[in-house]
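Taken together, the values in this text are just the output of simple stated rules run on the coordinates, not laboratory data. These numbers were taken from a predicted model, which means no experiment stands behind them. Here the Cβ is made from the backbone with ideal geometry for all residues, glycine too, and neighbour counts use every protein chain on show.
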Amino acid sequence: MSAEHILAAGGVPWRLEGGDLQLGIVHRPRHDDWSFPKGKLRHGEHPLLAAVREVTEETGLQLVVGRRLPSRSYLSVDGTKSVDYWSMQAAGAFVPNEETDCLTWLTPEQAVDRLSYTDDRSLVADVLAVPVAPVRVLLVRHGRAGSSEEWSGPDDERPLDERGAAEARALADVGRVFQPARVVTADPVRCRQTVGPLAERLGLQVGPAPEFGEDGYAEDSAAAQGSLRALLDAGSLTVVCSQGGVIPDLLESLLAARPLITGVSPRRRADRAPARKGSMWALTAWGGHVVSADYYASVLPGAASSRPGVTDR
């Protein structure tokens, strides 16, 4: 009988104290060890949502999800365990619970000395690989909207189909953990329908951004590129819903400096940036420049493509 393959997810909580970076690690009395919080996925659960749930349960902290960190795989007593990690900006006070009885905030150097496991210690280097900064833009391609050949009305009025509506609902779950402050969209109905549930969940209005639509982009691509750069330099996160004829070209110049990219195979990284329907790019920015870009091919719960694939650097 083959060993079980266990899927898990977790996070590296961080905060700035007096301008200095501190990482939060927890003590588990059952194992008498120090580690970053993590736990098993529930059936059909998106890894990112599992990571937020587990870190919240083990720490009680308020979290804002940041960039994706490399996954780890190792042998446990139950079988092979694969763990996906995210950087998470944290606030609030630790709340003791059944699994963890203590959380301590340490500098990266102190954390390396305190952590019990090699994999956790190597995560510290991954956190420091680029400036520790927040995600500033979620660049979303609208969900599936059926066949344009089978739609008799104006293309801008073509609505989401059943799968596209499910993708919009999933985006409302996944997108909220990044804590967006603004939601804007290109003109087509399918774009507005894709981000509508997320905006409603957050209590936000969906703003117009016609420059991110295929028609607007064809007329003046520089306008969209300038808008995106301004959003990357803003003090909060914006969700932008765009189209497949825009996103790859829009990202090309931003990713030319080769930031850390996850979710895209090394072979595809030589091609144009992917942008399948219902997908999302999370762009982490420092000083207005993209330092990491995480591609989520799907936000649907339990979808095979929702499990992050981490590329080489």
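Close amide-amide hydrogen proximity is noted between residue 86 and 10, 11, 12, 69, each under 5 Å apart and 5 or more residues distant or on a separate chain (H modeled in the peptide plane; Pro and chain starts excluded).
Which value at 222 nm does the chain reach when only helices count, each DSSP H run of 4 or more adding -39,500 (n - 2.57), with the total divided by all residues and rounded to the nearest 500 deg cm²/dmol? Show your work: numbers first, answer last.
Details: 9 runs with 88 residues, N = 313.
Taken over the chain, the calculation gives -8000 deg cm²/dmol.
Counting 0.36 nm for each residue step from residue 7 to residue 204 and taking away their Cα separation leaves a gain of 67.5 nm.
Here the chain is treated as a Stokes sphere of Kirkwood radius computed over C-alpha pairs; at 20 °C and 1.002 mPa s its diffusion coefficient rounds to 106 µm²/s.
Relative to one another, the C-alpha centroids of region 45-81 and region 205-261 are positioned 30 Å apart.
With the charge dipole of region 104-225 set up from +1 on Lys and Arg Cβ and -1 on Asp and Glu Cβ about the Cα centre, the Cα lying farthest toward the positive end among the listed residues 213, 132, 172 is that of 132. Length available on full extension from residue 112 to residue 234: 0.36 nm per residue minus the Cα-Cα distance, which gives 40.7 nm. Scoring 111-119, 162-170 by mean Cβ neighbours within 10 Å over their residues and listing the highest first yields 162-170, 111-119. Each residue of region 115-127 was assigned a 3J(HN,Hα) from its phi angle through the Karplus expression (A = 6.51, B = -1.76, C = 1.60, θ = phi - 60°), giving 4, 7, 10, 4, 4, 5, 5, 5, 5, 4, 5, 5, 4 Hz with x at Gly and Pro.
Under the convention that each Lys and Arg Cβ holds +1 and each Asp and Glu Cβ holds -1, the size of the dipole of the chain around its Cα centre is about 340 debye. Each Lys and Arg contributes +1 and each Asp and Glu -1, all at the Cβ; summed about the Cα centre of region 135-306, the dipole is approximately 840 debye.
The relative contact order of the chain comes to 19 percent, based on Cα pairs under 8 Å that sit 6 or more residues apart.
Computed from backbone phi, the HN-Hα couplings of region 99-111 come to 9, 10, 10, 7, 10, 10, 9, 9, 5, x, 5, 5, 5 Hz, rounded to whole numbers (Karplus: 6.51 cos²θ - 1.76 cosθ + 1.60, θ = phi - 60°; Gly and Pro given as x). The HN-Hα couplings worked out from phi for region 243-254 by the Karplus form 6.51 cos²θ - 1.76 cosθ + 1.60 (θ = phi - 60°) are 10, x, x, 10, 4, x, 5, 4, 7, 4, 6, 5 Hz, whole numbers, x standing for Gly and Pro.
This ranking places 252, 98 by how few other beta-carbon atoms lie within 10 Å of each, fewest first, which gives 98, 252. With the simple model of a label 7 Å out from the Cα in the direction of the Cβ, residue 181 to residue 74 spans 3.8 nm. Each of 194, 48, 243 was placed along the dipole of the chain (beta-carbon charges, centred on the mean Cα), and the one lying farthest toward the positive end is 48. Amide hydrogen proximity for residue 241: with H placed 1.01 Å from N in the peptide plane, the residues at 5 or more positions away or on another chain lying under 5 Å are 140, 184, 185, 186. Residues 298, 242 in ascending order of nearby Cβ atoms (within 10 Å, fewest first): 298, 242.
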